[in-house]
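Participant: Mind looking over this structure? Questions follow.
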Amino acid sequence: PRGRFTIASADAAYAFSVGLALHEDIGGFFGMSPRPGETKGNFPGLTQNLRRLRLPVSFRYKNWIANVTPDWGSSSSDGKVSLYEANINYTGFSHTYVTVGYFQPRVTFYDSQSSNNFQMLERPGITNIVRNIAAGDSRFSAGALHYEKRWWIAGYFTGQSYGTRGNDSTVSDSQTGATLRVAGRPYISKNVDIHVGISALSAFKTTQNSAGRRYSPGEATEAGLTGTKLISATVSNTGPVWAAGPELGLRWRRLIMIGEYYHIGVQRSERGLPVVNFDGYYGEATYTILGKPRAYDIRQGAFSAPGVEADFDPQHGQWGALEVSGRYSVADLNDLSAGIRGGKQTVWAGGVNWYPNRHFRVMLDYNHFIVTRNQLPYNISGRNGNSVVTRLQAAF
Amino acid sequence: PRGRFTIASADAAYAFSVGLALHEDIGGFFGMSPRPGETKGNFPGLTQNLRRLRLPVSFRYKNWIANVTPDWGSSSSDGKVSLYEANINYTGFSHTYVTVGYFQPRVTFYDSQSSNNFQMLERPGITNIVRNIAAGDSRFSAGALHYEKRWWIAGYFTGQSYGTRGNDSTVSDSQTGATLRVAGRPYISKNVDIHVGISALSAFKTTQNSAGRRYSPGEATEAGLTGTKLISATVSNTGPVWAAGPELGLRWRRLIMIGEYYHIGVQRSERGLPVVNFDGYYGEATYTILGKPRAYDIRQGAFSAPGVEADFDPQHGQWGALEVSGRYSVADLNDLSAGIRGGKQTVWAGGVNWYPNRHFRVMLDYNHFIVTRNQLPYNISGRNGNSVVTRLQAAF
Amino acid sequence: PRGRFTIASADAAYAFSVGLALHEDIGGFFGMSPRPGETKGNFPGLTQNLRRLRLPVSFRYKNWIANVTPDWGSSSSDGKVSLYEANINYTGFSHTYVTVGYFQPRVTFYDSQSSNNFQMLERPGITNIVRNIAAGDSRFSAGALHYEKRWWIAGYFTGQSYGTRGNDSTVSDSQTGATLRVAGRPYISKNVDIHVGISALSAFKTTQNSAGRRYSPGEATEAGLTGTKLISATVSNTGPVWAAGPELGLRWRRLIMIGEYYHIGVQRSERGLPVVNFDGYYGEATYTILGKPRAYDIRQGAFSAPGVEADFDPQHGQWGALEVSGRYSVADLNDLSAGIRGGKQTVWAGGVNWYPNRHFRVMLDYNHFIVTRNQLPYNISGRNGNSVVTRLQAAF
């Protein structure tokens, strides 16, 4: 990509490149007093998190590419050293990437974007819950992506995530699953871009460890500064788990509006246990005030980041790019008819992103969240609260 | 090495290079039912492992080289981030590498090869057990290697492995040991290459922790997809531990045949406790069907990988390189006269390796293993089983 | 820096560089017999430690720089993979670095030097204790450094260290603090350089975890081969913690003499609990026998490493650079009036450093330490002992 440092052989048979995704979060929570009988949970008033520190390294020989990306970041509490991807790709077919290895399989609208381009700090809760069923970072995958100007498709068979067996020595059988995303652009004009798509994924069987096969979705408050997940459910004796739903996107001049809905179904392995159903959705709007507006990227099947027309230089009246965003997001892990009360989380969020130049940006998000009760010691009667988080980002 | 990306100063005083060893394993076990009273152990039907993800980085100033190689791979269950090597080398003497630091000291025939060139997925069990006495990956070493066209010698004083004290806070004294390997080529012709050698190594004293000084060899089934070691012995109150044995190798046209035998002796620190003896051996044959056959590499004192004469291109009838291998391998951790029953493991293995070009390869191995009983809960009456594992490899 | 491998775009808008700090320690302890009733602690006779393995990677676009430095080293027992820094810098102001992110904030004389230039293997005990209050490696920081020929100033607001929340899941609030260092050079001549300065830092509030807010300084014996800290204190119910003290430095021809004193004050959050006071100091002298003597580096506000005038080449009578050092260091964690007996440690140390060329060096330090008693099982009656440690260093 542009700005990724690359050395290549004179005959173009070889290329080596190294890039960077550095995301540093600073912020905290307020208005988080627990109700009587509840413990506090970890909601620091001011803390930091190295959200992502990825060094994408790429080795190419002709049409064969090995991509490896170590990661020093963490979704909630820094100190984790892990891996974002390690895969082998064949690019000999036009507009197609065939990929095998540890990868982030492209599924759902939000997760098909690079995190460097996110409109807001974190994915909507439901998107994160859904992608973790059989996709997410560093998932062993084998499949392909193909794009054209007006349509896009990607499907992968998937296995375990990097570290699943290493972090739990009782794992005796691994997950298998698959993902599929299909998207199209029914209408394109200078001022309008319409995106429609569907995403679906399934864990055919979930990981078996000493607790059997279980499905345990959970989610923090769309602010990556705490490991405390206010919504959390555990479904035991699981069979296949699947999720599917529609994607919608609209660009009108400088305004982007996107939304997704997902339904999750959890089959059970024991006769008589009820199927469990969860769901969630979100709607998000982003307006580019300064700079080149977000445009559709046909390789990602999603909108890209805004462009900086002139680097930040206040003496010459140049301010880079600026955008504002708002989002309403619901993730519901309650299925009372099946006896599961994981809680329902609603997040209202607003944010502003500033790009002094094409490689750096500053984000600021405010979230207000309302969570209904479940069985956790820090959420016995329901919790409400707020967070303000700033991110400093460098991307090469 | 060829294909490793390198930048050098115009006067050749400085050079920097970065390479890659990426090995991704997919496969599983079958026919692994435990006998009555045994637990199952971890033998997944289908799982994955990032076997090696090494980024060798080299900094040279004149005759002084610093080599560092982080590793995101694991021998059995992925998720481990560690180090393969970090050492300082002096190359001012002809055909000689003087090395100090974390290193894989070159000892035994199999372990003197690069893992990128392995004929089969994993080292023979006995080789792995032997190298772990005082060598193996990321062992602190101080010594030298010298090679000529017809002979080869390397010796190292060795200490602890990277992480030994960090992973066990009760370590109060560290291991010291040494390794020696001497090899020669008594006969060379166009069609024939004969290799003879001996390897020996010793831990003069083993690591002392809260359990005292113990020697605990163990081995999985020569398939890197489980942490369950069907053979495993523990010898307490150990004095010096040593191992030694002969190496034989023969190339006849496109056929390579190699074999090694090792005897392990475990002295005891307490009078009256018997010396414990283990041993093992293997024989392996590899035939290069397509491509340039494996040739002797005088710097490694071992055979190299086959060469690809034309990159994979089915439209032009080019198929890269292809080879088949078979191996019979025995590792015996029983010494009933000394009261130790660690089990004896026999592995029959067959495999095929395909090289579409010089930087990528695909391996497929089938293993059948027969293990005699020991005291482990998953091996009370002996276990037999099978594995099929594919590896995708990129090496730069 | 010189020798760091760099690629830049033709228009100089972009630059990428990668460097190395590799420090490998070998050595051990002797004369460490515990007194009756004491346990031994971990004082191996001969062991190794990968003290630092840092790969500083830098991405620059115009005046904006992202610096990231993974680290495979450990202060005491190897096996740790972590992060040394990950920050974003703005360099658009002359002689100024504005920095936000994980960083080692420059505070205290000793810690303002690069560890590649250290006169002795380890920082003086008191310097290490003081910097850990609100600075140290990989501390989240936001601030700036400015230097001129005759003065130097740096101040940072600081937060948690990388990994604090990840390593302790009970952290419910994070530290906040600040650092300040001001230094000047009142007299400069060809033969004389005088440095005076003050350093101060404070944790306004310390980390809150399940044990409340506590301050727990401790220190090993200025030899990085053991995790056993002979001095160690724990102060509970802490309010703000602060430290401040003067720095003095003198170069006279080839001789460098430096010293620092620090007082630490620990406020208490509960009425009636006494303020706790600790202190410590050191004096150190270094003489450059061969090579270009250490000179003042105005960017660091400290003396740099000696220069190598001709690379090591005994056949031509070239021996590189050589220096000798001695140090007397005291760290006192006793405050008996406040009921805290953490022990007082005195270290006498002598060392020699040899630089065969500008990128490699060998260090050898002898330490004799005398520690008064505290409550630890391995230090009930006081402990004395000695260590000899060699370091092999490569720096690019």
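Participant: Could you check how many residues of region B:229-265 are open to solvent by 60 Å² or more (accessible area, probe 1.4 Å), hydroxyl-bearing (Ser, Thr, Tyr) and in contact with a Gly (Cβ under 7 Å, 6 or more places away or on another chain)?
Facilitator: The total comes to 1.
Participant: Next question, about the same structure. Considering only region C:19-52, state which residues are under 25 Å from residue C:117 (Cα atoms) and more than 7 Å from chain B (Cβ to nearest Cβ).
Facilitator: The answer is C:19, C:21, C:23, C:25, C:26, C:27, C:28, C:29, C:49, C:51, C:52.
Participant: Does region B:144-152 contain at least one residue that is within 17 Å of the chain's Cα centre (by Cα) and away from chain C (no Cβ under 14 Å)?
Facilitator: no
Participant: Within the bounds of region C:53-74, is there any residue that is more than 7 Å from every other protein chain (Cβ to nearest Cβ), free of Cβ contacts under 8 Å to residues at least 40 places away in the same chain, farther than 24 Å from residue B:207 by Cα and open to solvent by less than 10 Å² (accessible area, probe 1.4 Å)?
Facilitator: Yes, region C:53-74 has at least one match.
Participant: Now a separate question. Before we move on, is residue B:282 open to solvent by less than 30 Å² (accessible area, probe 1.4 Å), touching a strand residue (DSSP E or B) at 6+ places or on another chain (Cβ under 7 Å) and closer than 23 Å to residue B:361 by Cβ?
Facilitator: So residue B:282 passes the test.
Participant: Would you check if residue C:80 is open to solvent by 10 Å² or more (accessible area, probe 1.4 Å), under 24 Å from the mean Cα position of the chain (by Cα) and at the interface with chain B (Cβ under 9 Å from one of its Cβ atoms)?
Facilitator: yes
Participant: Looking only at residues in region A:335-358 that are part of a strand (DSSP E or B) and open to solvent by 40 Å² or more (accessible area, probe 1.4 Å), which one is farthest from residue A:310 (Cα to Cα)?
Facilitator: Top of the filtered list is A:341.
Participant: What residue, among those in region A:90-121 that are open to solvent by 10 Å² or more (accessible area, probe 1.4 Å) and within 11 Å of chain B (Cβ to nearest Cβ), is modelled with the lowest pLDDT?
Facilitator: A:92
Participant: I'd like to check something: does region B:210-217 contain any residue that is within 14 Å of chain C (Cβ to nearest Cβ), touching a residue at least 24 places away in the same chain (Cβ under 8 Å), at positive phi and part of a loop (DSSP other than H, G, I, E, B)?
Facilitator: No, because not a single residue in region B:210-217 is within 14 Å of chain C (Cβ to nearest Cβ), touching a residue at least 24 places away in the same chain (Cβ under 8 Å), at positive phi and part of a loop (DSSP other than H, G, I, E, B).
Participant: How many residues are under 20 Å from residue B:390 (Cβ atoms), open to solvent by 20 Å² or more (accessible area, probe 1.4 Å) and touching a residue at least 40 places away in the same chain (Cβ under 8 Å) if we restrict to region A:124-160?
Facilitator: Counting residues in region A:124-160 that are under 20 Å from residue B:390 (Cβ atoms), open to solvent by 20 Å² or more (accessible area, probe 1.4 Å) and touching a residue at least 40 places away in the same chain (Cβ under 8 Å) gives 2.
Participant: Here's a follow-up. So how many residues does region C:1-39 have that are in contact (Cβ under 8 Å) with a residue 60 or more places away in the chain and not in a loop (DSSP other than H, G, I, E, B)?
Facilitator: Narrowing region C:1-39 to residues in contact (Cβ under 8 Å) with a residue 60 or more places away in the chain: C:2-5, C:19-32, C:34-39.
Remaining after also requiring not in a loop (DSSP other than H, G, I, E, B): C:5, C:21-30.
Total meeting the criteria: 11.
Participant: Would you pick out the residues in region B:283-319 that are touching a helix residue (DSSP H, G or I) at 6+ places or on another chain (Cβ under 9 Å) and either of a type in the set (A, V, I, L, M) or within 14 Å of chain A (Cβ to nearest Cβ) (or both)?
Facilitator: Once the filter is applied, which keeps residues that are touching a helix residue (DSSP H, G or I) at 6+ places or on another chain (Cβ under 9 Å) and either of a type in the set (A, V, I, L, M) or within 14 Å of chain A (Cβ to nearest Cβ) (or both), region B:283-319 yields B:302, B:305, B:310.
Participant: When the residues of region C:196-223 are narrowed to those that are open to solvent by 20 Å² or more (accessible area, probe 1.4 Å) and β-branched (Val, Ile, Thr), which ends up nearest to the chain's Cα centre (by Cα)?
Facilitator: Across region C:196-223, the extreme among qualifying residues is C:198.
Participant: Failed condition for residue B:316, given (1) open to solvent by 50 Å² or more (accessible area, probe 1.4 Å); (2) in contact (Cβ under 8 Å) with a residue 12 or more places away in the chain, with all others met?
Facilitator: It is condition (2) that residue B:316 fails.
Participant: If you take the residues in region A:9-33 that are modelled with pLDDT of 90 or more and open to solvent by 20 Å² or more (accessible area, probe 1.4 Å), which one is nearest to residue B:8 (Cα to Cα)?
Facilitator: The extreme case among them is A:16.
Participant: Here is a further query. What are the residue pairs meeting all of these: first residue in region B:319-333, first residue buried (at least 19 other Cβ atoms within 10 Å of the Cβ), second residue of a type in the set (S, T, N, Q) and not in a strand (DSSP E or B), Cβ atoms under 6 Å, and 6 or more apart or on different chains?
Facilitator: Within 6 Å, the pairs are B:325/B:119.
Participant: For region C:375-392, enumerate the residues that are in contact with a strand residue (DSSP E or B) (Cβ under 8 Å, 6 or more places away or on another chain) and open to solvent by 10 Å² or more (accessible area, probe 1.4 Å). Don't jump to the end; show me each part of the working.
Facilitator: Residues of region C:375-392 that are in contact with a strand residue (DSSP E or B) (Cβ under 8 Å, 6 or more places away or on another chain), as a first pass: C:375-376, C:379, C:382-392.
Scanning region C:375-392 gives C:375, C:376, C:384, C:386, C:388, C:390, C:392.
Participant: Just one of A:6, A:47 is of a type in the set (Val, Ile, Thr) and either out of contact with any strand residue (DSSP E or B) (no Cβ under 9 Å at 6 or more places or on another chain) or within 24 Å of residue A:391 (Cα to Cα) (or both); which is it? Let's see the steps before the verdict.
Facilitator: On the way: A:6 fails: either out of contact with any strand residue (DSSP E or B) (no Cβ under 9 Å at 6 or more places or on another chain) or within 24 Å of residue A:391 (Cα to Cα) (or both).
Result: A:47 is the single residue among A:6, A:47 that is of a type in the set (Val, Ile, Thr) and either out of contact with any strand residue (DSSP E or B) (no Cβ under 9 Å at 6 or more places or on another chain) or within 24 Å of residue A:391 (Cα to Cα) (or both).
Participant: Output the residue which, of all residues in region A:161-195 that are surrounded by 16 or more Cβ atoms within 10 Å (Cβ to Cβ), of a type in the set (Val, Ile, Thr) and in contact (Cβ under 8 Å) with a residue 40 or more places away in the chain, is farthest from residue A:248 (Cα to Cα).
Facilitator: Across region A:161-195, the extreme among qualifying residues is A:164.
The values are calculated or read from the model by the stated rules, or taken from the named source; none is laboratory data. Bear in mind that the values here come from a model prediction, so they are computed numbers and not experimental data. Methodologically, a virtual Cβ is constructed for each residue, glycine included, from the backbone with ideal geometry; neighbour enumeration extends over all protein chains shown. Note: areas computed on protein heavy atoms with side chains; ligands, DNA, RNA excluded. Shrake-Rupley method; radii C 1.70, N 1.55, O 1.52, S 1.80 Å.
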